[in-house]
Amino acid sequence: MSFSRKTAGMAMLAMAGTGLAGCTTGPSAELPPATFVALQEGPGEEYVIGPLDNLTIHVWRNPELGAEKIQVRPDGRITIPLVKDMPAVGKTPSMLEEDIRLQLSQYIEDPLVSVIVNEFAGTFSQQVRIVGATEQPASLPYRANMTVLDAMIAVGGLSEYASGNRAKLIRFDKQSGNQREYALRLADLLRHGDSRANVMLQPGDVIIIPESTF
């Protein structure tokens, strides 16, 4: 690892730690292990549209009022014919369909609207972020039944200097309104094949991987 790349990784780790410090509650605990292949696949939470998502909007019998492959702007809004600066971020596709339908009903009778998400980015609350001593720190769109193993494969695994068994997972607890911290054993999982170290992820999880101290 070059000095500049190592420095950049340490800076990302420091920023992530600063943003999360003081928000976690309780000691680090371990999450229950997940199987490498889900015993029963199931749907995740209903998808929420995020900035830079790519949408297709159809208006039945009025194709000129729809839009093909329109990108949600960074400010979270979209514009299509007769609908200007409609907020899209934070809504499910069905919610956006209803909002567009109400707007168009001022001009046409009983419009039927469908919203299709072509390319997914999602909101931060639906992403899994991996920072620190990994080959490619990244924000990944959460997928149903996603595990730590899936996320680490996506970012290229641990870096040469990673202290994988000191990694932490930060998770927002919706019931308590606090963030909780869990211990991860990434070195055991990735370097020793310990299946008990593989755990299920949830939307919004943050994985922080420190470097070894010499």
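The values are calculated or read from the model by the stated rules, or taken from the named source; none is laboratory data. Computed from a predicted model, the values in this text were never measured in an experiment. Here Cβ is always computed from backbone atoms with ideal geometry, including for glycine, and neighbour counts include all displayed protein chains. Heads up: the accessible areas ignore ligands, DNA and RNA and are worked out on the full protein's heavy atoms, side chains in. Shrake-Rupley method; radii C 1.70, N 1.55, O 1.52, S 1.80 Å.
Annotations for the structure displayed:
- Residue within the stretch 117-125 that is out of contact with any helix residue (DSSP H, G or I) (no Cβ under 7 Å at 6 or more places or on another chain), at pLDDT below 95 and in a helix (DSSP H, G or I) present: yes
- Residue list for the stretch 195-214, restricted to those being of a type in the set (Asp, Glu) and closer than 16 Å to ILE153 by Cβ: ASP205
- Subset of the stretch 64-80 [modelled with pLDDT of 95 or more, under 16 Å from SER114 (Cα atoms), open to solvent by 50 Å² or more (accessible area, probe 1.4 Å) and not β-branched (Val, Ile, Thr)]: GLU64, GLN71
- Scanning the stretch 145-164 for residues that are open to solvent by 40 Å² or more (accessible area, probe 1.4 Å), assigned to a loop (DSSP other than H, G, I, E, B) and either at pLDDT 95 or above or among the β-branched types (Val, Ile, Thr) (or both) turns up just one, GLY156.
- Residue selected from the stretch 70-107 under the condition under 28 Å from the mean Cα position of the chain (by Cα) and of a type in the set (Val, Ile, Thr), by the criterion farthest from SER125 (Cα to Cα): ILE80
- Identity of the residue in the stretch 130-139, assigned to a strand (DSSP E or B) and surrounded by 18 or more Cβ atoms within 10 Å (Cβ to Cβ), that ends up nearest to the chain's Cα centre (by Cα): ILE130
- Residue in the stretch 109-119 that is open to solvent by 30 Å² or more (accessible area, probe 1.4 Å) and among the aliphatic types (A, V, I, L, M) present: yes
- Summed over the stretch 75-116, residues that are outside any strand (DSSP E or B), closer than 13 Å to ILE49 by Cβ and in contact with a Leu (Cβ under 7 Å, 6 or more places away or on another chain) total 1.
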